[in-house]
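**Student:** Could you have a look at this structure, given as structure tokens, before my questions?
Quick note: the coordinates plus some simple rules give every number you see, no bench work behind them. What you see is a predicted model, and the numbers here were worked out from it, not measured in a lab. Cβ: placed from backbone, ideal geometry, glycine included. Neighbour counts: every protein chain shown.
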Amino acid sequence: MYIERDKYDQLPFAIQTGALQLWGTLLASYQQANELHQLYQFNDFLAELHYNQQQQVVGISTFPVLIN
């Protein structure tokens, strides 16, 4: 599935989350203040899922992929 970052950012939250988990590539996971963060690559951008202490997704941040 291909979608541009600006279009992805306009999708409903549940669709964004599902698309990342189904088609994104998990690059890293880390804990910060007892909250899980997962960094995914999805098409030509990065997205980070933010989880609360109950392991529910509470936010998504997207970033461009920087190429030197």
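**Student:** Under a crude label model (7 Å from the Cα following the beta-carbon direction), how far is PHE13 from LEU36 in nanometres?
**Tutor:** For PHE13 paired with LEU36, the spin-label model returns 1.8 nm.
**Student:** Any chance you could run the full-extension gain for GLN21 through MET1? It's 0.36 nm times the residue separation minus the Cα-Cα distance, nm to one decimal.
**Tutor:** 6.0 nm
**Student:** Helix 13-23 versus the longest principal axis of the chain: what is the Cα-based angle in degrees, 0 to 90, to the nearest 10?
**Tutor:** 80 degrees
**Student:** Once you've got the GNM for the chain with C-alpha springs shorter than 10 Å, pick whichever of TYR30, TYR40, TYR51 has the biggest mean-square fluctuation.
**Tutor:** TYR30
**Student:** Please report TYR2, TYR8 as a ranked list, fewest other C-beta atoms within 10 angstrom at the top and most at the bottom. Could you put the intermediate results ahead of the total?
**Tutor:** On the way: TYR2 8, TYR8 18.
The fewest-first ordering by Cβ neighbours comes to TYR2, TYR8.
**Student:** Out of GLN38, GLN54, GLN16, any idea which swings most in a Gaussian network model of the chain, alpha carbons joined below 10 Å?
**Tutor:** Most flexible of the set in this elastic network: GLN54.
**Student:** How would GLU35, GLU4, GLU48 line up from fewest to most surrounding beta-carbon atoms within 10 angstrom?
**Tutor:** Ranking GLU35, GLU4, GLU48 by Cβ neighbours within 10 Å, fewest first, gives GLU4, GLU35, GLU48.
**Student:** Determine ³J(HN,Hα), in whole Hz, for all residues of the range 52-64 in sequence, where each value follows from phi through the Karplus function 6.51 cos²θ - 1.76 cosθ + 1.60 and θ = phi - 60°; x replaces Gly and Pro.
**Tutor:** 8, 5, 8, 6, 9, 5, 10, x, 9, 10, 10, 9, x
**Student:** Could you work out the mean projected area of the convex hull around the alpha carbons of the chain, in square nanometres to one decimal? Mind showing how you got there, number by number?
**Tutor:** Working: hull surface 19.3 nm².
Over every viewing direction, the Cα hull of the chain projects on average to 4.8 nm².
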